[in-house]
Amino acid sequence: MPRPGSAQLLALLLLVPGPGGASEITFELPDNAKQCFYEDIAQGTKCTLEFQVITGGHYDVDCRLEDPDGKVLYKEMKKQYDSFTFTASKNGTYKFCFSNEFSTFTHKTVYFDFQVGEDPPLFPSENRVSALTQMESACVSIHEALKSVIDYQTHFRLREAQGRSRAEDLNTRVAYWSVGEALILLVVSIGQVFLLKSFFSDKRTTTTRVGS
Amino acid sequence: MAGVGARPLRAMGRQALLLLALCATGAQGLYFHIGETEKRCFIEEIPDETMVIGNYRTQMWDKQKEVFLPSTPGLGMHVEVKDPDGKVVLSRQYGSEGRFTFTSHTPGDHQICLHSNSTRMALFAGGKLRVHLDIQVGEHANNYPEIAAKDKLTELQLRARQLLDQVEQIQKEQDYQRYREERFRLTSESTNQRVLWWSIAQTVILILTGIWQMRHLKSFFEAKKLV
């Protein structure tokens, strides 16, 4: 076994979890479709996958998260919303898929937020020599608090979008149903009268035959 | 593995460079695969006057070598952005690696669609593209080191600037929330009205058809001398 040279050590250092990021994407998932997303993650990085279905059908989707070896880390069927945190156990490409294959004709809009590691720092790492002053640490805590406010706002926005989608669905359904029901009512009542009339028309011929 | 010498070290150096390259490519984050003529759309629900920056990078699948080529010149991606009213805000062709920016002027669902229109790829049947995509909205789109350099801000000033941007974003989102809540309320009230009018109309139709039925049948039976 050759001694790990400096180049290899450098390579290993590069794979140490560094500043990550977050990807927040809302996409449309057609019926009977499956869409997958991939990301290369370094070992030891703490990641969070969060998803929510915004519009479509029963507002549910299948989700599946696999590690580079194909081992399933998370698998849920017909979930409306969920959040999953994991630490990457090995380097490589992690894959997560959303599937709408169980639905025949409703396409869904899915939102997901995939957070990998920590957010990149505001300044390049050279400035991190001295400790933070009180003002700076106050700024950092305000920043974290505001980040969580924005996070709550996003969740609220998604819930509101879902509620609004249901309300608009209901509105169109009420419109179609009321017109449809009125038509059916007219057709059935007119049909009943003519059917009844036809019964009496036949009976008259039988009564005359019996009489004679 | 053939013992000590300059060659194994150089091989390790190459390995390190390759790993560096892999890290650099992976650093763009999330990616997905699309077919040649496939169109992928993403939705961003944003308040007005919000800037959205999208970065993408494409790699083509080489069927012979069974790998994704690191970069393919001549590969183009067409980016189309539509605002909530369906009007096209941005419709441009970019190269295999590009960056698109737009600012929303109406609050709502903006649709960002990407598709490749490279006819050259028609030669590779069943070819697929790997697209690395990164969409940053609002204050996440700001590049703080750049702002610090341009406006010559100290660390504390930059942090304060970041906090101000965040608060502004929160404010815009809350304004948008008020606008959406109003729309939701209008929809609900419209549903309420429709249900009310429908039930009244149904009752009226029911009574009228009932009356008509009885009168029609009565005249029918009188004609048949059964009544």
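Would you mind working out the accessible area per residue for the range B:128-227, using a 1.4 Å probe, and quoting it in Å²?
Working: 6430 Å² over 100 residues.
Ligands and nucleic acids excluded, the figure is 64 Å² per residue.
Apply the Karplus parameterisation 6.51 cos²θ - 1.76 cosθ + 1.60, with θ equal to phi minus 60°, to every residue of the range A:45-59 and state each ³J(HN,Hα) to the nearest whole Hz, in sequence, with x for glycine and proline.
7, 8, 10, 10, 10, 10, 9, 8, 8, 9, 9, x, x, 8, 6
Show the residues, 5+ positions off or on another chain, whose built amide H is closer than 5 Å to the amide H of residue B:30.
Excluding prolines and chain starts, which carry no amide H, the hits are B:133.
Which shape class applies to the range A:132-198: rounded if a/c is under 1.5, otherwise prolate when a/b exceeds b/c and oblate if not, where a ≥ b ≥ c are the square roots of the Cα gyration tensor eigenvalues?
Numbers: a/c = 15.89, a/b = 12.20, b/c = 1.30.
Since a/c reaches 1.5 and a/b is larger than b/c, the shape of the range A:132-198 is classed as prolate.
Give a residue-ordered list of calculated ³J(HN,Hα) values for the range B:30-42 (Karplus: 6.51 cos²θ - 1.76 cosθ + 1.60, θ = phi - 60°; whole Hz; x for Gly, Pro).
5, 9, 8, 10, 10, x, 4, 9, 6, 10, 10, 10, 10
What lysines could a cross-link reach from residue A:108, if we take a straight Cα to Cα line under 26 Å and drop same-chain neighbours fewer than 8 places away?
A:34, A:75, A:78, A:79, A:95, B:39, B:82, B:87, B:128
How would the range B:30-142 be classified by its alpha-carbon gyration tensor: rounded, prolate or oblate, with rounded meaning a/c under 1.5 and the a/b versus b/c comparison settling the rest? Display every interim value, and only then the final one.
Working: a/c = 2.71, a/b = 2.07, b/c = 1.31.
It comes out prolate by the Cα gyration axes.
May I ask you to evaluate 6.51 cos²θ - 1.76 cosθ + 1.60, the Karplus curve with θ = phi - 60°, for each residue of the range A:100-114 and list the ³J(HN,Hα) values in order in whole Hz, giving x for glycine and proline?
With coefficients 6.51, -1.76 and 1.60, one gets 10, 5, 7, 9, 8, 9, 10, 9, 10, 10, 10, 10, 9, 10, 10 Hz.
As an exercise, identify the trypsin sites (Lys or Arg not before Pro) in the range A:63-152 lying in DSSP coil whose Cβ has no more than 12 other Cβ atoms within 10 Å.
Numbers: sites: A:64, A:71, A:75, A:78, A:79, A:90, A:95, A:108, A:128, A:147; in loops: A:71, A:90, A:128.
Loop-located and lightly packed - A:71, A:128.
Any chance you could look up the accessible area of residue A:76 with a 1.4 Å probe, heavy atoms only, rounded to 10 Å²?
Approximately 70 Å² for this residue.
Using a 1.4 Å probe on the protein heavy atoms, what percent of the accessible area of the range B:30-142 belongs to carbon and sulfur? Each step should come with its number before you reach the end.
On the way: 2550 of 5110 Å².
Looking at the range B:30-142 in its full context, I get 50 percent from C and S.
Taking only C-alpha pairs under 8 Å that are 6+ residues apart, what is the relative contact order of the range A:19-119 in percent? Numbers along the way, then the final one.
Working: 257 pairs, mean separation 51.6, N = 101.
Normalised by residue count, the contact order of the range A:19-119 is 51 percent.
Interface size between chain A and chain B, please: total buried accessible area, 1.4 Å probe, rounded to the nearest 100 Å².
Numbers: alone 15380 and 16400 Å², together 25780 Å².
Using a 1.4 Å probe on protein heavy atoms, the buried area is about 6000 Å².
The values are calculated or read from the model by the stated rules, or taken from the named source; none is laboratory data. Just so we're clear, the structure is a prediction, and the values are computed from it rather than from any experiment. Quick reminder, even Gly has a Cβ in these numbers, built from the backbone with ideal geometry, and neighbours come from all protein chains shown. Side chains are part of the model used for accessible areas, which takes the heavy atoms of the whole protein and leaves out ligands, DNA and RNA. Shrake-Rupley method; radii C 1.70, N 1.55, O 1.52, S 1.80 Å.
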